[in-house]
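Read-outs: derived from the displayed coordinates by stated rules, not from any lab. Given the structure is predicted, the values throughout are model-derived calculations rather than measurements. We place every Cβ from the backbone using ideal geometry, glycine too, and count neighbours over all the protein chains shown.
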Amino acid sequence: MKKVILLILSLIWVGNVFAVDNKAYIVFSAGLNEIDDPMGSYAELASLLSDYRATQTPTFFVFGGNSLFPSTLSSFDHGAHIIDLLNTLEPDAMAANKGDFAFSVDELSLRSYEAAFPIVQSNVIGTGSKKRIEGITGSAIMVKGDYRIGFISLMDRSDIESYNLQNVTVQSIEVAVSEKVKSFRDEGVDFVVLHYAGNEFNCVEFLEKGMVDIVLRNPPHVTLSKQVKLQQHPRQIFVSDKDKAAVIEFSWDTLAHKKTQMHAQLKRLSDYPKFASVEQQIQDYSRHLDLLLDDTIGITTTPIDLSRKNLRVKENGFGNLLADLMKAHTGADVAIMNSGAIRGEGIYKANSRLSRGDIIKALPYRDRVVLLNVNGAQILSALENGFSEIEGMKGRFPQITGMQVTYNSKGRVGHRIISIMINNQPLELQKQYKLATTPYIANGGDGYNMFKDNIEVTYAQQMTELLSDILINKLRLNHRISPKVNARIIDTASVKSSIN
């Protein structure tokens, strides 16, 4: 009898040793839209993954998405090259969010069928059908040996508006998480990992309630001070810089999740060598792109600054140039474009050479120019919308021509405009004006809903290509451009601040 008791006790002890000796890694990266970033990208990430996979410890690779756009190459293939590279890196799951939707829901569906891994979006569903986007799964269970991890990815409601997504809606985050977690627990997963790329919701409550075990975050453009403020839980991991990846080592007691131990490190991708086969893929893509884009087509005689802080809070010389081209091309009275249509973060000194690639990088959306008949009240509403989120440096900030606008950035949202002058005359709310803009704004993107019912007007040069083509043609004809700021948008709050 004594031997039996000792045997049972020894089995219990051995069982407990194995119960707490469960160990795995999660490698998390996101936002790698450029394939050859000198700060580190897919080739370096492949080396990092290779190192951890070689340890024989189960290693889960979670890719946070937001990478199919923007880039010069994505303007041509809508992100297919990113999926090709990821197929080589073999993620266990990819989250779909923000820039992954830039070319429409249908394009994302096409990318999902090219992917050899699940693409997950948990709270975006069809408006009428209530079904998931075709090819996109609402959750994924990632399996390595005997280990099973449930994966959920969430989007903010504002992302639907920002990317002007049609026929989809955002389900409540609380509802989506509750449904998925219950399903995971029923299926016996060891861990639940929640990915969230937004800023509107505090996911810490899911951790505190024990609904999820780890939260992975790649919020866009979060300052260090705000990131520290958001970091309220040791199991909420932030990767705000695309040149870094998080490596999370965790071990747990199968019988008691509360005994889980976790340690996370941020790894700089540039500290790793380029993985040869992935680097070869990148070089092949780069050579092909160079053949298309490397020819110089002109110079800029004045500086160009396409940084967010110079595009999304004030009048920008390059934005002025584009608005002028739209107005002249269509014969409109005024033109409005959203600053978010201009990308690349490029900074060019005076007399810099400009290539076709520079232009495509700055204007990757390949927008056409449309002409609308609108009234003054719609223009007023549009500009109030454009100035409504200036504090967050949102892409809706307008670049304009044909008018001079005075506003107060510190005023109450919806009542920030002080005056609008068109042809040296005050805007008349009932008067009809011809507006040149992009299809994105005409269809209600970035909150410009006031134009959704306006019918496009035909104009003489409508068959001419894209806005980027119009700019390229101007450069080829004149060999130079001279973007400049000329007081089209005046912020009285900034004027007072500079005086003080």
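Near Ser352, the amide H atoms lying under 5 Å from its own belong to Thr300; only residues 5 or more places off or on other chains count, and H is placed 1.01 Å from N.
Straightening the chain between Ile347 and Glu391 buys 13.6 nm, computed as 0.36 nm per residue apart minus the Cα-Cα spacing. The Cα center of segment 312-347 and the Cα center of segment 267-302 differ in position by 27 Å. At full extension, Ala115 and Arg53 could sit 20.2 nm farther apart than now, given 0.36 nm per residue minus the alpha carbon distance.
Where both bridge residues fall in segment 295-499, DSSP classifies roughly 80% of the beta bridges as antiparallel. Remark: Leu266, Leu475 ranked as Leu266, Leu475, counting other beta-carbon atoms within 10 Å and listing the fewest first. Charging the Cβ of each Asp and Glu at -1 and of each Lys and Arg at +1, and nothing else, the dipole of the chain about its Cα centre rounds to 1160 debye. Taken as Cα centroids, segment 419-459 and segment 154-174 sit 25 Å apart, rounded to the nearest whole angstrom. Here the calculated FRET efficiency for Asn424 and Lys144, from their Cβ-Cβ distance with R0 = 60 Å, stands at 0.30, rounded to the nearest 0.05. Classify segment 244-388: rounded, prolate or oblate, from the alpha-carbon gyration tensor (a ≥ b ≥ c, eigenvalue square roots; a/c under 1.5 rounded; otherwise prolate if a/b is larger than b/c)? Verdict is oblate for segment 244-388.
How tilted is helix 173-186 with respect to the longest principal axis of the chain? Cα atoms for both, answer in degrees (0 to 90, nearest 10). Helix 173-186 sits at roughly 30 degrees to that axis.
Which of the three applies to segment 72-197, rounded, prolate or oblate, going by the alpha-carbon gyration tensor with a ≥ b ≥ c and a/c under 1.5 meaning rounded? Verdict is oblate for segment 72-197. Considering only Leu321, Leu354, Leu466, the residue lying farthest towards the positive end of the dipole of segment 295-499 is Leu354, judged by Cα position with unit charges set on Cβ. In plain terms, the chain from Asn202 to Asp284 could stretch by 25.3 nm, reckoned as 0.36 nm per residue minus the Cα-Cα distance. Can you give me the angle between helix 467-478 and the longest principal axis of the chain, using Cα atoms only, in degrees from 0 to 90, rounded to the nearest 10? Orientation of helix 467-478: about 50 degrees from the principal axis. Phe63 sits among other residues whose Cβ lies under 12 Å from its own Cβ, and their net charge, with Lys and Arg +1 and Asp and Glu -1, is -2. A simple count of charges around Ser139, restricted to other residues whose Cβ falls under 14 Å of its Cβ and scoring Lys, Arg +1 and Asp, Glu -1, yields +1.
Beta-bridge orientation, segment 390-500: approximately 70 percent antiparallel, per DSSP, counting only bridges with both partners inside. In the chain, the DSSP beta bridges split such that about 60 percent are antiparallel, to the nearest 5. Placing unit charges on the Cβ atoms of the charged side chains and taking the dipole of the chain about its Cα centre, the candidate lying farthest along the positive direction among Phe451, His415, Thr260 is His415. Can you tell me how segment 295-499 classifies by the Cα gyration tensor, rounded, prolate or oblate, using a/c under 1.5 as the rounded cut? Note, shape of segment 295-499 comes out oblate.
Using alpha-carbon pairs under 8 Å, 6+ residues apart, how would you state the relative contact order of the chain in percent? Relative contact order for the chain comes out at 15 percent. Helix 42-53 and the longest principal axis of the C-alpha atoms of the chain enclose an angle of approximately 10°. With both labels modelled 7 Å from their Cα along Cα-to-Cβ, the Ser251 to Thr406 distance reads 6.9 nm.
Per-peptide packing, taken as the mean over residues of other Cβ atoms within 10 Å, places 358-366, 207-215, 60-68 in the sequence 60-68, 358-366, 207-215 from highest down. Computed with the Debye formula from one identical point scatterer per Cα of the chain, without solvent, the log10 of I(q)/I(0) at q = 0.06, 0.07, 0.10, 0.13 Å⁻¹ comes to -0.33, -0.44, -0.83, -1.28. Scaled against 2.2 N^0.38 Å for its residue count N, the alpha carbon radius of gyration of segment 19-285 is 0.95. Amide H to amide H distances under 5 Å link Val124 with Gln171, where only residues 5 or more positions off or on other chains count and H is placed in the peptide plane. Exposure proxy shown here: for His263, His288, His329, the number of other Cβ atoms within 10 Å sets the order, fewest to most, as His263, His288, His329. Dipole magnitude for segment 295-499: computed about the Cα centre from +1 point charges on Lys and Arg Cβ and -1 point charges on Asp and Glu Cβ, it is near 500 debye.
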